[in-house]
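Please read the structure below before turning to the comments.
The values are calculated or read from the model by the stated rules, or taken from the named source; none is laboratory data. Only a predicted model underlies this, so the values are computations on that prediction, with no experimental measurement involved. Positions of Cβ are backbone-derived with ideal geometry, glycine not excepted, and every protein chain shown enters the neighbour counts.
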């Protein structure tokens, strides 16, 4: 029996955060693909509160919520790169930006990308404000934490990798290098630093294209 | 100049979490009352992302978001009781429940209490489900973390103290000892453990009553 199991879904940025952290730490794990439309009894048993992926199972003990899992991984496996800085203020900043990216990132950008049309001017404006806040924060910095990545950078995986593909599939203009140069530089840094641990871009593009067509068909 | 400042609002459970943690640690601080309807330029400067209270200012460096502040306090001041357990799994559980109480607690209970009437049956059902999850988790335990309080218990201050007053003011039946015995025992434990650091109950009742009357007048 494997000591570490991840219950997740391929193509989910939340699942990917957990896999990325385990890979960076060099922790071997068994991946259990969940069908998010027909969740397994095991998943519901391990995460009765949110009933969501990802769940990390370590020696039979379940942990849910990707940011909670990431800190658990860092607290448990000390080898490999640190996900959390040592200094209390730097730790607070990593947690602050991770929380912000987690709470606002996916929902804000998803709304702005997924539902094009004139009526969504406000969603697009909100997305621009959100991206501007990140661009300001990243000025003169390689990562959110400075020279080294932290929890916040891993939490930003949706923006660094998924968002670019969604923009391409949907054909919406939301980001360019002139507008958000610091954010674009961070995206490049993320993709180059974690290159070997990212999902296959073509395969993810096809998955996202499929969902977009499905959502478009459901609306019309 | 004080080393530690808290920008907050009297009667805010989010502000109270920070004050409670500082008091438990024996950290002296200056409290700066913010008018949440007319926020000070200082608050906006220190929390440009959320523009919300509370903000902790320590040696001129600002930290926002109450749960982030609580972990910062624990990371920074090692004397006094620990807010975070030492064991990685216990730490993860403290963060998980704190996050759940933070994200779901205030909004779910507020909706169920504040807007009475037949049309809010669903809000009340959601509140009951939420309280049931907490009751299950607290079975056989003094605090969320077991014998000692953690981040999760402090994050639960709204339920332990504010919620009872709101129920009383609004006159809504949402909780009793028969239905949620473990949760009610935890509430008693919270109020007895932190008695000397809680807001004045009569004064808070008056503030909440005032807001309720104001909200009722605005609706009619």
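Go over the candidates A:56, A:22, A:101, A:67 one by one and state the one that is under 19 Å from the mean Cα position of the chain (by Cα), in contact (Cβ under 8 Å) with a residue 24 or more places away in the chain and assigned by TED's automatic domain parsing to the domain that holds residue A:167. Quick ask: steps written out before the conclusion?
Details: A:56 fails: assigned by TED's automatic domain parsing to the domain that holds residue A:167; A:22 fails: assigned by TED's automatic domain parsing to the domain that holds residue A:167; A:67 fails: assigned by TED's automatic domain parsing to the domain that holds residue A:167.
The match here is A:101.
Tell me which of these residue B:5 doesn't satisfy, since it passes every other one: (1) within 20 Å of the chain's Cα centre (by Cα); (2) more than 17 Å from residue A:89 (Cβ to Cβ).
(2)
Can you tell me which of (1) part of a loop (DSSP other than H, G, I, E, B); (2) in contact with a strand residue (DSSP E or B) (Cβ under 7 Å, 6 or more places away or on another chain); (3) over 21 Å from residue A:152 (Cα atoms) is the one residue A:5 doesn't meet?
It is condition (1) that residue A:5 fails.
I'm trying to understand the selection: among the residues of region A:208-220, which are surrounded by fewer than 16 Cβ atoms within 10 Å (Cβ to Cβ) and assigned to a helix (DSSP H, G or I)? Steps first, please.
Let us first name the residues in region A:208-220 that are surrounded by fewer than 16 Cβ atoms within 10 Å (Cβ to Cβ), namely A:209-211, A:213-220.
Within region A:208-220, A:209, A:210, A:211, A:213, A:214, A:215, A:216, A:217, A:218, A:219 meet the criteria.
Specify which of the listed residues (A:93, A:84) is under 17 Å from the mean Cα position of the chain (by Cα) and more than 7 Å from chain B (Cβ to nearest Cβ).
On the way: A:93 fails: under 17 Å from the mean Cα position of the chain (by Cα).
None of the others qualify; the one that does is A:84.
Here's the yes/no breakdown for (1) closer than 27 Å to residue B:10 by Cβ; (2) surrounded by fewer than 18 Cβ atoms within 10 Å (Cβ to Cβ); (3) modelled with pLDDT of 95 or more:
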| position | (1), (2), (3) |
| --- | --- |
| B:53 | yes, no, yes |
| B:72 | yes, no, yes |
| B:110 | yes, yes, no |
| B:120 | no, yes, no |
| B:125 | no, yes, no |
| B:128 | no, yes, no |
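Filter region A:160-203 for residues that are without any contact (Cβ under 8 Å) to a residue 12 or more places away in the chain, closer than 17 Å to residue A:13 by Cα and in contact with a helix residue (DSSP H, G or I) (Cβ under 7 Å, 6 or more places away or on another chain) and give the result.
none
Considering region B:101-130 alone, what residues qualify as being touching a helix residue (DSSP H, G or I) at 6+ places or on another chain (Cβ under 8 Å) and within 13 Å of another protein chain (Cβ to nearest Cβ)?
Hits for region B:101-130 are B:101, B:102, B:104, B:105, B:108, B:130.
For region B:40-51, enumerate the residues that are buried (at least 16 other Cβ atoms within 10 Å of the Cβ) and more than 11 Å from chain A (Cβ to nearest Cβ). I'd like the intermediate steps shown before the answer.
We begin by selecting, within region B:40-51, every residue buried (at least 16 other Cβ atoms within 10 Å of the Cβ); these are B:43, B:46-47, B:49.
Residues satisfying the conditions are B:43, B:46.
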